[in-house]
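Below is one structure, written out as structure tokens, with a few remarks after it.
The values are calculated or read from the model by the stated rules, or taken from the named source; none is laboratory data. Please read these numbers as outputs of a predicted model, since none were measured by experiment. Here the Cβ is made from the backbone with ideal geometry for all residues, glycine too, and neighbour counts use every protein chain on show.
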Amino acid sequence: MRDLISQNLLHKAKNTFFYFGATLISFTVSIVTYPLFASYLSISEFAAFNYFTNYSGFFIFLFSINLYMFFSAHFFSNENEQSATLLKSLMSLLLVWNVLALPLAYLISNFVLHVWLKVKFDTGQYLLLSLAAVSMAGLKSIFLIKLRLRQQALQYFGVSVIARILGTLLGLYFIIYVRPTAESRFLGVLLAEIITTAIIYISVFYDGGFSIPVADLKRIFKFVWPLLLSSILYYPLISMDQIILERYVSREQLGLYSIGLGFAGYLHTFNFSVYQTLEPDIIRAKANSDLASLFANVKLLLLVAFITTTIFCFSSKHLIGILTNGKFTEAYRSANILAISFLFVLIFSVGNTLLTVENRGKTVFLVNFAGLFVITVSCALLAQFGSTGIAWARSVSFGILAALAISLSLTSWPKTK
């Protein structure tokens, strides 16, 4: 029994390494290549690339239409052969949908950017290239969740790292040898996404099986539409603290808050990698109504997150001081509070996953709607206390949401095994 437990923990540690490693390598590649991009691109080109990268990222919900959540909810209730058929059906549907979704997103974006926001950027090809890259990422979403559910962390690592490195190298090539603009960088990212997405689709459909699940469209739509609304709410939910803070504090305070948020985000990246490792077991526990297994996996997740958060809070002052050459050491105050908020975000994610697997998308929407209301009100009330007040407002808000999501997810569980 002890050997079995040791092997299980070793397997989970290995998977966590690969999930976190994909993010770590991507981050390292960005740091290493940053001076090269900086030597060829102007500040305005950097601004355009970052702006449209962040903007187009909002549309991931439109390009994936949360079909990966439908796949997750039905994965463990099907046999392997049925899961393979479901994978092909949903990926077929997603490919056809994206043919329509990409021009739709482009038309909506042109209206929003030029008529509503009246941005100063000349969108040029930036918008189309960035949206197309996110569309490719949406096409991969179901395949990536399949790798996680089957605990194929090495393959997940490979797909993620190859796409990142290839996109960076192609972007550099086009910038150096074709034209030093943000368009060239976007073109590199898009080609990398097309190549990796094409490889994935060829590997899935090499033996045929491309078919639209016409008979199940109503059932699929009924499942995903509340989740789509929830996704629309989630984006401002996680950004509301910065939106409100910008109105109340100086740029210096906002900068320190952003730095603290960034460092706390690095910690969350690791803890979320642990969650990605345990998520298949959590979903399986729900599918099998195994409350004991669910509690065991959630307790393990919380134990790791609590230990890492505690270590971070005790060392953040020295860590941030060293990494910023002492210039932004005071960011540790916000970082510590925000690290606590990310601990609650992790619990909130568990609750939302359980609600989604239970086919309670409307409940997820209501929880996210309540979250947007709570964090907006709490941030507005505590904004007078500056960045510290906003950080505590974020932590308290996600603490309330975590408790709400978990408690609601447990209401549908049987009282006895």
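Residue by residue through segment 126-171, note down the ones that are among the basic types (Lys, Arg) and buried (at least 19 other Cβ atoms within 10 Å of the Cβ). Answer for segment 126-171, where residues must be among the basic types (Lys, Arg) and buried (at least 19 other Cβ atoms within 10 Å of the Cβ): Lys140, Lys146, Arg148, Arg164.
Taken over segment 272-306, residues that are more than 17 Å from Gln151 (Cα to Cα) and under 16 Å from the mean Cα position of the chain (by Cα) amount to 0.
Conditions tested, residue by residue: (1) exposed (fewer than 12 other Cβ atoms within 10 Å of the Cβ); (2) at pLDDT 80 or above; (3) over 24 Å from Ile145 (Cβ atoms); (4) among the aliphatic types (A, V, I, L, M).
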{"site": "Thr33", "(1), (2), (3), (4)": "no, no, yes, no"}
{"site": "Thr85", "(1), (2), (3), (4)": "no, yes, no, no"}
{"site": "Ala101", "(1), (2), (3), (4)": "no, yes, no, yes"}
{"site": "Phe111", "(1), (2), (3), (4)": "yes, yes, yes, no"}
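Considering each residue of segment 168-177 in turn, none proves to be part of a helix (DSSP H, G or I), under 21 Å from the mean Cα position of the chain (by Cα) and more than 24 Å from Leu41 (Cα to Cα). If you scan segment 230-285, which residues turn out to be under 24 Å from Phe365 (Cβ atoms), at pLDDT 80 or above and among the charged types (D, E, K, R)? Selection gives Glu279 alone.
Here is a yes/no grid of residues against (1) surrounded by fewer than 20 Cβ atoms within 10 Å (Cβ to Cβ); (2) assigned to a helix (DSSP H, G or I):
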site: Leu303; (1), (2): yes, yes
site: Phe314; (1), (2): yes, yes
site: Gly326; (1), (2): yes, no
site: Tyr332; (1), (2): no, yes
site: Ile347; (1), (2): no, yes
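Checking every residue in segment 320-327 against the condition of being modelled with pLDDT under 85 and of a type in the set (Lys, Arg) gives at least one match. The residues of segment 198-222 that are of a type in the set (A, V, I, L, M) and outside any loop (DSSP other than H, G, I, E, B), listed by number, are Ala198, Ile199, Ile200, Ile202, Val204, Val214, Ala215, Leu217, Ile220. Within segment 359-378, no residue that is of a type in the set (Phe, Trp, Tyr) sits with its Cβ atom under 8 Å from a residue that is crowded, with 21+ Cβ neighbours inside 10 Å and modelled with pLDDT under 80 at 6+ positions apart or across chains. Against the list (1) assigned to a helix (DSSP H, G or I); (2) touching a residue at least 12 places away in the same chain (Cβ under 8 Å), the condition Ser289 fails is (1).
Ile390 satisfies every condition listed in (1) in contact with a helix residue (DSSP H, G or I) (Cβ under 6 Å, 6 or more places away or on another chain); (2) of a type outside the set (D, E, K, R); (3) more than 15 Å from Gly260 (Cβ to Cβ) except (3). If you go through segment 172-198, how many residues are surrounded by 19 or more Cβ atoms within 10 Å (Cβ to Cβ) and touching a residue at least 40 places away in the same chain (Cβ under 8 Å)? Adding up the residues that qualify gives 12. Just one of the listed residues (Val377, Val364) is among the hydrophobic types (A, V, I, L, M, F, W, C) and either under 15 Å from Ala393 (Cβ atoms) or surrounded by fewer than 22 Cβ atoms within 10 Å (Cβ to Cβ) (or both), namely Val377. For Phe385, the stated conditions do not hold, so it cannot be described as free of Cβ contacts under 8 Å to residues at least 40 places away in the same chain and within 24 Å of Leu228 (Cα to Cα).
Filtering segment 96-155 to residues that are among the polar types (S, T, N, Q), more than 22 Å from Glu183 (Cα to Cα), in contact (Cβ under 8 Å) with a residue 12 or more places away in the chain and not in a helix (DSSP H, G or I) leaves only Gln151.
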